[in-house]
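Okay, so here's the structure we're looking at.
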Amino acid sequence: MTAEHHASQAFDFDPTASSLAGEVDPSVMEELLSIRSSIDNIDATLVFLLAERFKATQRVGVLKARHKLPAGDPGREAAQISRLRNLATEAHLDPAFAEKFLNFIISEVIRHHEAISADHERQAGRADSAS
Ligand SMILES: C=C(O[C@@H]1C=C(C(=O)O)C=C[C@H]1O)C(=O)O
């Protein structure tokens, strides 16, 4: 089963949903829907990839909390942003967009790491007051 099939079953997705229905030539609509089916597959893949990335970053967050390391790592971020800017250029993707997108994800990861760390500290505090 493809990711698209999986997602459309789960959420009762209508791949033909459009505000343009009935307003464009049927052959244009057919071509649009055909291109959109690729977009549907790509978007489903993005969601699965992001879910896997966040699973990995949650593990980093737990490791950092256990060892009292800071949530953010600006040195790592700079290296990763530079690498992805170069990859974006090679792939004909706007490097400024790639940087913005990565920074958006990283800021969410840092928020998670701060929450994991605060939670860890609260649990450590409770364990101390119980002993
Ligand atoms: C995931 C980490 O934590 C933060 C998030 C990063 C990311 O999402 O790529 C990179 C560096 C850190 O600011 C990490 O340190 O590896």
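Taken together, the values in this text are just the output of simple stated rules run on the coordinates, not laboratory data. Just so it is clear, the model here is predicted, and its values are computed rather than measured. Glycine also receives a Cβ, built like all others from the backbone with ideal geometry; neighbour counts cover every protein chain displayed.
How far is helix 95-130 tilted off the main Cα axis of the chain, in degrees rounded to 10, range 0 to 90?
Its long axis makes an angle of about 40 degrees.
Extension gain ASN41-PHE97, at 0.36 nm per residue separation less the Cα-Cα distance, in nm?
Here the segment from ASN41 to PHE97 would lengthen by 18.0 nm.
Students often forget the sequence filter, so: which aspartates and glutamates lie under 15 Å Cα-Cα from LYS55 once same-chain residues fewer than 8 apart are removed?
GLU108
Counting each DSSP H run of 4 or more residues in the chain as -39500 (n - 2.57), what helix-only mean residue ellipticity at 222 nm follows after dividing by all residues, to the nearest 500 deg cm²/dmol?
-28000 deg cm²/dmol
Bin by bin, in steps of 5 Å, what percent of the Cα pairs in the chain do you find, going until the bin that has the longest distance?
2, 8, 12, 13, 13, 12, 12, 9, 7, 5, 3, 2, 1, 0, 0
With a cut-off of 8 Å between alpha carbons and a minimum separation of six or more residues, what is the relative contact order of the chain in percent? Don't skip to the answer; put the middle values down first.
Numbers: 58 pairs, mean separation 32.6, N = 131.
Normalised by residue count, the contact order of the chain is 25 percent.
Mind giving me the FRET efficiency for ASP25 and GLU121? R0 is 41 Å, r the Cβ-Cβ distance, nearest 0.05 is fine.
0.10
Over the C-alpha atoms of the stretch 70-131, what are the Rg and the largest Cα-to-Cα span, Dmax, in Å?
So, for the stretch 70-131, Rg and Dmax equal 17.3, 59 Å respectively.
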